[in-house]
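See structure below.
The values are calculated or read from the model by the stated rules, or taken from the named source; none is laboratory data. None of the values given here were measured: they were computed from a predicted structure. All Cβ positions, glycine included, derive from the backbone under ideal geometry; neighbour counts span all protein chains shown.
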Amino acid sequence: MTVLLIILALVAAITGGGLALFTIGAVGAIAVVIAVAAITGAALYLKGVVVKVALATTGVVALASVGFGGYNAVQLASALGGFNGPVDPADPTALAAADAKIDTAQTQAGFRVELTEAELTAILQDTLAEAEDNPIRRVDLTVLDGEDGGQGSLQFDITFKNGSLTGDGRVTASLEAGAINIEVQKVSLGRLSLPGVATGAMEEIVDTVLDLNERLAESRADVQSIQIGNGRVLVTGTQGDGELLTAGALLDALAANAAEIGASVTPPAEQIGPGSVNATTAEGTTYLVALGDSLAANVGVTAANEGYVSRIHKVLSERDGGSIGLRNFGISGETSGTLIRSGQLTEALAFISANVVAYVTINIGANDLLGHLGSDDCSEDISTPACQDRLTPALEAYRANLDRILGDVRDAAGDDTPILFLQTYNPFSLGLAGLSLEAASDDATDQLNAIAAEVAAEHNVTVADGASPMRGTTSATTHMLDTPPDIHPNGIGYDLLAQALAGVLP
């Protein structure tokens, strides 16, 4: 009888504890195990009638736990293991509206997408229909407001393809380096509340359904803000593959005034000239390492030695000797977020850690801001609420991302290696007073550069003023008067940027 009691007690502890874990959480599970163990211990100590009572009690607990747990286990297996069956079709009107918004965002460097409950639900249903090994037939979504105006959450109710079990839960979202992280706050299946490992398993299903990153990844989207509440989800960000200049009024103004602008601005003379390395790599005993966006990647000129990286490498080689090598990691279209996530930062840090590095140059930030400035919301007046709703989260995200970038580079390079940060110029600073965006965009660019200067100071990084030399000259130093307009520098513009870096060399 004692052996039988111990076996039944063990069964009760496992099944009762497991059942409690799914219904009342880990603390309840521990309490159940302790209670059963206490009954068993008392029964073993007292013997006699108490043993029989304890045996009967423990047996009832065990059988009830096994029965109830088994019933729910069958339901759970039926729900999560049944992949056959149709998915409810998405609401066609809501899906068309959502797709139109996302398609528009994918053509713009700076996007702001607002999705209603109905539109987001339609996206989820459309995603479910395409998902493999999907046990869910339908998800109904409700947007919940946050406390005191803070971040809200998404309540979802799940109907499975098989069985009578239903599910519900709540998720919220946060950002890390421009990527959306879906966080499961609560998940329940029927009577089972799923904490711990069970929640982790459900997170995989939820991530599949709610993965907005998949919708934007093809355009290398960098999400700068996500807001949940007031019956909608609002996503603001930029993407490297969109057109920076999308405002019709701005493009018309540039075309109308191209001749006047071109005749009124005299380009400055080159001082440094093209570099001696017409490539992104060159061997050496020590290295200049460059990180950045399309400027580091030499977009706007026909050869790598015409970019600012090769030009500043030339200055360093002539000053310090010809043994300085070059490793340019710059990628066109990078934002401060994608520089972290795309692999550029990781590769650069690995190279810096494994080699003797004499200097590091970094430029990043133009794509965080300029796509918004070139949008319809900002092209006439950046002080409007619609434009500020774009710029404010962009600047906040830029500060956080740049802090990580400069901190990581400083840690890898060490305290004694000079790190030079090249501030962003304003391509709309054409030298024509009649362009309404010119002065306003100078102000916005100054805000971006002020953030860069503050963050750089925190990491002992030297700042080079890339904005002032280009101000009022971009009609002659960039391709802004080309058809179509292009913000990138020509050879003269890149020479000015290299001069800015040369002017702050230690």
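Of the residues 303, 290, 350, only one is surrounded by 24 or more Cβ atoms within 10 Å (Cβ to Cβ) and modelled with pLDDT of 95 or more; which?
Values: 303 fails: surrounded by 24 or more Cβ atoms within 10 Å (Cβ to Cβ); 350 fails: surrounded by 24 or more Cβ atoms within 10 Å (Cβ to Cβ).
None of the other options fit; the residue is 290.
So is residue 472 of a type in the set (Gly, Ala, Ser) and surrounded by 21 or more Cβ atoms within 10 Å (Cβ to Cβ) or not? Walk me through how you get there before you give the answer.
On the way: of a type in the set (Gly, Ala, Ser): yes; surrounded by 21 or more Cβ atoms within 10 Å (Cβ to Cβ): no.
Taking the combined requirement at face value, the residue does not satisfy it.
Those residues that are assigned to a helix (DSSP H, G or I) and either closer than 15 Å to residue 362 by Cα or without any contact (Cβ under 8 Å) to a residue 24 or more places away in the chain (or both), I need them from the range 455-467; list them, please. Walk me through it before giving the result.
Here is the first cut: in the range 455-467, the residues assigned to a helix (DSSP H, G or I) are 455-458.
Of everything in the range 455-467, those that are assigned to a helix (DSSP H, G or I) and either closer than 15 Å to residue 362 by Cα or without any contact (Cβ under 8 Å) to a residue 24 or more places away in the chain (or both) turn out to be 455, 456, 457.
Do any residues in the range 367-386 that are β-branched (Val, Ile, Thr) have Cβ atoms under 8 Å from those of residues that are in a loop (DSSP other than H, G, I, E, B), where the two are at least six apart or on different chains, and which pairs are they?
Close Cβ pairs (under 8 Å, with a partner that is in a loop (DSSP other than H, G, I, E, B)) amount to 384/377; 384/378.
I need the full set of residues from the range 360-411 which are among the β-branched types (Val, Ile, Thr) and at pLDDT 95 or above, in order please.
360, 361, 362, 364, 405, 409
Could you give every pair whose Cβ atoms fall below 6 Å, whose first residue belongs to the range 120-149 and is assigned by TED's automatic domain parsing to the domain that holds residue 234 and under 15 Å from residue 172 (Cβ atoms), and whose second residue is at pLDDT 80 or above and acidic (Asp, Glu), counting only separations of at least 6 or pairs across chains?
Close Cβ pairs satisfying both conditions: 141/117; 143/117.
Out of all the residues in the range 295-314, which are within 26 Å of residue 483 (Cβ to Cβ) and either part of a helix (DSSP H, G or I) or out of contact with any strand residue (DSSP E or B) (no Cβ under 6 Å at 6 or more places or on another chain) (or both)?
297, 298, 301, 302, 303, 304, 306, 307, 308
Take the range 441-476 and flag every residue that is closer than 13 Å to residue 369 by Cα and more than 23 Å from the chain's Cα centre (by Cα).
441, 442, 443, 446
May I ask you to list the residues in the range 271-294 that are within 20 Å of residue 496 (Cβ to Cβ), touching a residue at least 40 places away in the same chain (Cβ under 8 Å) and either of a type in the set (Ser, Thr, Tyr) or assigned to a loop (DSSP other than H, G, I, E, B) (or both)?
271, 272, 273, 274, 276, 277, 293, 294
Filter the range 383-418 down to residues that are surrounded by 23 or more Cβ atoms within 10 Å (Cβ to Cβ) and of a type in the set (Lys, Arg), then give me how many there are.
The qualifying residues number 1.
Look through the range 100-119, keep the residues that are in contact (Cβ under 8 Å) with a residue 24 or more places away in the chain and acidic (Asp, Glu), and return whichever of them is surrounded by the fewest Cβ atoms within 10 Å (Cβ to Cβ). I'd like the intermediate steps shown before the answer.
We begin by selecting, within the range 100-119, every residue in contact (Cβ under 8 Å) with a residue 24 or more places away in the chain; these are 102, 105-119.
Among the residues that remain, those that are also acidic (Asp, Glu) are: 114, 117, 119.
Working: 114: 13, 117: 17, 119: 26.
Checking each candidate, the answer is 114.
Of all residues in the range 478-506, count the ones that are polar (S, T, N, Q) and under 18 Å from residue 431 (Cβ atoms). Can you show your working first?
Keep residues of the range 478-506 that are polar (S, T, N, Q), which gives 478, 483, 490, 499.
Add one more test, that the residue is under 18 Å from residue 431 (Cβ atoms), and what stays is 478, 490.
Total meeting the criteria: 2.
For residue 339, indicate whether it is within 16 Å of residue 419 (Cβ to Cβ) and surrounded by fewer than 21 Cβ atoms within 10 Å (Cβ to Cβ).
On the way: within 16 Å of residue 419 (Cβ to Cβ): yes; surrounded by fewer than 21 Cβ atoms within 10 Å (Cβ to Cβ): no.
Considered against the rule, which asks whether it is within 16 Å of residue 419 (Cβ to Cβ) and surrounded by fewer than 21 Cβ atoms within 10 Å (Cβ to Cβ), residue 339 comes out as no.
Just name the residue that is nearest to residue 118 (Cα to Cα) out of those in the range 135-170 that are of a type in the set (Gly, Ala, Ser) and over 27 Å from the mean Cα position of the chain (by Cα).
Within the range 135-170, the first condition is being of a type in the set (Gly, Ala, Ser), and the residues that meet it are 146, 149-150, 152-153, 163-164, 167, 169.
Narrowing the set further to residues that are over 27 Å from the mean Cα position of the chain (by Cα) leaves 163-164, 167.
Numbers: 163: 26, 164: 25, 167: 19 Å.
Checked the range 135-170; the qualifying residue nearest to residue 118 (Cα to Cα) is 167.
May I ask you to say which residue of 192, 175, 216, 115 is under 21 Å from residue 91 (Cβ atoms) and either at pLDDT below 80 or not β-branched (Val, Ile, Thr) (or both)?
Details: 192 fails: under 21 Å from residue 91 (Cβ atoms); 175 fails: under 21 Å from residue 91 (Cβ atoms); 216 fails: under 21 Å from residue 91 (Cβ atoms).
Going through 192, 175, 216, 115 in turn, the sole match is 115.
Would you point out which residue out of 381, 443 is on the phi < 0 side of the Ramachandran plot and in contact with a Leu (Cβ under 9 Å, 6 or more places away or on another chain)? Walk me through how you get there before you give the answer.
Working: 443 fails: in contact with a Leu (Cβ under 9 Å, 6 or more places away or on another chain).
Exactly one of 381, 443 is on the phi < 0 side of the Ramachandran plot and in contact with a Leu (Cβ under 9 Å, 6 or more places away or on another chain), namely 381.
Assuming residue 503 fulfils every condition listed in (1) buried (at least 16 other Cβ atoms within 10 Å of the Cβ); (2) at pLDDT 95 or above apart from one, which condition is it?
The single condition residue 503 does not satisfy is (1).
Condition first: surrounded by fewer than 18 Cβ atoms within 10 Å (Cβ to Cβ), part of a loop (DSSP other than H, G, I, E, B) and assigned by TED's automatic domain parsing to the domain that holds residue 387. Can you find one or more residues in the range 432-452 that meet it?
Within the range 432-452 (the criterion being surrounded by fewer than 18 Cβ atoms within 10 Å (Cβ to Cβ), part of a loop (DSSP other than H, G, I, E, B) and assigned by TED's automatic domain parsing to the domain that holds residue 387), the answer is yes, since at least one residue qualifies.
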